């Protein structure tokens, strides 16, 4: 209130004539307000408007910034040219309409405004308030406004209306938002790139393959991961040439391979390559077998700038293969040896055989004895067998039902695989004879096998008793020969078989040292 | 065989030694001795009178060349039996006759004929 122009206008115009020329000026809206039929609104004809409304209308119209006034409990809208621009195609129908009808899409906001400012006498302030208005030919439009509402008092000193200063901030808001979004996007991108590079670095560092990057024709290390560090024994290599950092690989031809790959641009692929690698702080080089690639790396211009080194330490696999080859060779050797023994057993079983079916039974049982001795040695990983186990094996086969008729007693003695096999075969012959003709051929006889190991001599005694009276055979058979000649030779001692009337006795005596393996 | 030969056998496998003995006897020759272990073979090589020796190269992991040396010095002709997976001949025996295992009587007959000249 109290603007000179308005006071002058009012003081200059009295009664009806003053009403006729109100409001003065006010641009397009001034004219529209003058022409508007306000009698159809709750404000009544303009001539009846109270002074407070007139003054407020003048203030609205004279303001260079967009203002709108909501008068009365219905919020009848009176606004200026600035606001008309804001209202766009909704202007001029907004003029004189109830605010809730004028802006149905903002009815919630305006109800609150009327409630707070008109009825409550308070103020409302919004900054960058988002709105969706249909101000442009019915098309929805998102916009942002700074808007401040305050009550306008009437003559009674109570709010007669609400004055709103409306500044559209959509342009600034969107620009700021775009800037903020952009900054956020940059931050996000940075974070993602950092995470990605961390991830790739961790991957590079932790991958089980060894990886390194050597730059330039001198192959200067610029990167080396954990597995590569392991391979080279933890030596510091970054910034050094391969030849400086790992001198021992030069004479092994690896730098030549790098040179060739760098010069030719062709990758070098090594499979199971042998490498002697020095350990940090250790004098002795360790043998490694590697599957690896020297991959030349080109820049955008296509020039080779370095070599990427990648591969796996396959030492264990190669050792495994070597071991397997050894095992296969050993197995092959044993199989052929076994076949040779079978050839020998066959030749000697069927030589001079008078009764073919009997010879076949003997042959079969000798092969079974050989098989059992093989099983025993396989169970001991072919490292040898104990004398007790050999005798016990024979006992189970030939006196299995009456174990108390076959006793084995003696100290622990280990025999080499070769001696164990021969002794098994000899014991088989003795036991077979006992079952056929000797102490195990009746119900009461028994076999006692005892041995002693002292003064560097092993003495084994096979003694049968309680069997039918023994008569010496007319002709010495394979069994006798095997024991007396074969076994004695094998053990480097003597073996004596005597056909005493009370029972067969076999005494074997040999130096003890040979049974422990090395002579 | 018109001419019985005296043959010394060095073979560490008991069964194969016995097989050789039988085969040699069947061929009409006389076995002058059988040794199965290196120390025993060395001793017997010095004492035994033989025309030809059949030696297994590998005697339970040891090579029989020292025995071969003693025998050759005595003028005994040599036949080496090569075992399975065992090492080959070495100097100065590279040109000696090899009898490959497993062998049949005919293989022995031919090897003996070559050795006897």
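The values are calculated or read from the model by the stated rules, or taken from the named source; none is laboratory data. Source: prediction; values computed, not measured. We place every Cβ from the backbone using ideal geometry, glycine too, and count neighbours over all the protein chains shown.
Any chance you could count how many residues in the stretch A:446-489 are away from chain B (no Cβ under 14 Å) and assigned to a loop (DSSP other than H, G, I, E, B)?
Looking only at that region, the number is 12.
Answer yes if at least one residue in the stretch A:190-207 is touching a strand residue (DSSP E or B) at 6+ places or on another chain (Cβ under 7 Å), surrounded by 10 or more Cβ atoms within 10 Å (Cβ to Cβ) and within 24 Å of residue A:82 (Cβ to Cβ), and no otherwise.
No, there is no match, as no residue in the stretch A:190-207 is touching a strand residue (DSSP E or B) at 6+ places or on another chain (Cβ under 7 Å), surrounded by 10 or more Cβ atoms within 10 Å (Cβ to Cβ) and within 24 Å of residue A:82 (Cβ to Cβ).
Go through B:20, B:38, B:55 for me and flag whichever is in contact with a strand residue (DSSP E or B) (Cβ under 7 Å, 6 or more places away or on another chain), surrounded by 18 or more Cβ atoms within 10 Å (Cβ to Cβ), within 10 Å of another protein chain (Cβ to nearest Cβ) and farther than 26 Å from residue A:477 by Cβ.
B:38
Within the stretch A:239-254, can you find the residues that are farther than 20 Å from residue A:279 by Cβ and surrounded by 13 or more Cβ atoms within 10 Å (Cβ to Cβ)?
Matches in the stretch A:239-254: A:241 only.
Do any residues in the stretch A:506-519 that are on the phi > 0 side of the Ramachandran plot have Cβ atoms under 7 Å from those of residues that are modelled with pLDDT under 90, where the two are at least six apart or on different chains, and which pairs are they?
A:517/A:384; A:517/A:416
Picking from A:128, A:142, which residue would you name as being in contact (Cβ under 8 Å) with a residue 12 or more places away in the chain, touching a strand residue (DSSP E or B) at 6+ places or on another chain (Cβ under 6 Å) and at positive phi?
A:128
Would you mind telling me which numbered condition in (1) within 14 Å of another protein chain (Cβ to nearest Cβ); (2) surrounded by fewer than 21 Cβ atoms within 10 Å (Cβ to Cβ) residue A:419 fails?
Only one criterion is unmet by residue A:419, namely (2).
When you scan the stretch A:336-363, how many residues do you find that are within 20 Å of residue B:103 (Cα to Cα), more than 7 Å from chain B (Cβ to nearest Cβ) and either in contact with a strand residue (DSSP E or B) (Cβ under 9 Å, 6 or more places away or on another chain) or in contact (Cβ under 8 Å) with a residue 24 or more places away in the chain (or both)?
The total comes to 3.
Right, residue A:328: within 12 Å of another protein chain (Cβ to nearest Cβ), within 19 Å of residue A:419 (Cα to Cα) and loosely packed, with under 12 Cβ neighbours inside 10 Å or not?
So residue A:328 does not fit the description; no.
Go through the residues of the stretch A:301-316 one by one and say whether even a single one is out of contact with any strand residue (DSSP E or B) (no Cβ under 8 Å at 6 or more places or on another chain), surrounded by 11 or more Cβ atoms within 10 Å (Cβ to Cβ) and part of a helix (DSSP H, G or I).
Scanning the stretch A:301-316, I find no residue that is out of contact with any strand residue (DSSP E or B) (no Cβ under 8 Å at 6 or more places or on another chain), surrounded by 11 or more Cβ atoms within 10 Å (Cβ to Cβ) and part of a helix (DSSP H, G or I), so the answer is no.
Anything in the stretch B:23-35 that is more than 7 Å from chain A (Cβ to nearest Cβ) and touching a strand residue (DSSP E or B) at 6+ places or on another chain (Cβ under 9 Å)? List them, or say none.
Passing the criteria: B:24, B:25, B:29, B:30, B:31, B:32, B:33, B:35.
Can you name the residue in the stretch A:208-225 that is farther than 10 Å from residue A:307 by Cα and under 28 Å from the mean Cα position of the chain (by Cα) and, of all such residues, is surrounded by the fewest Cβ atoms within 10 Å (Cβ to Cβ)?
Only one residue tops the list, namely A:208.
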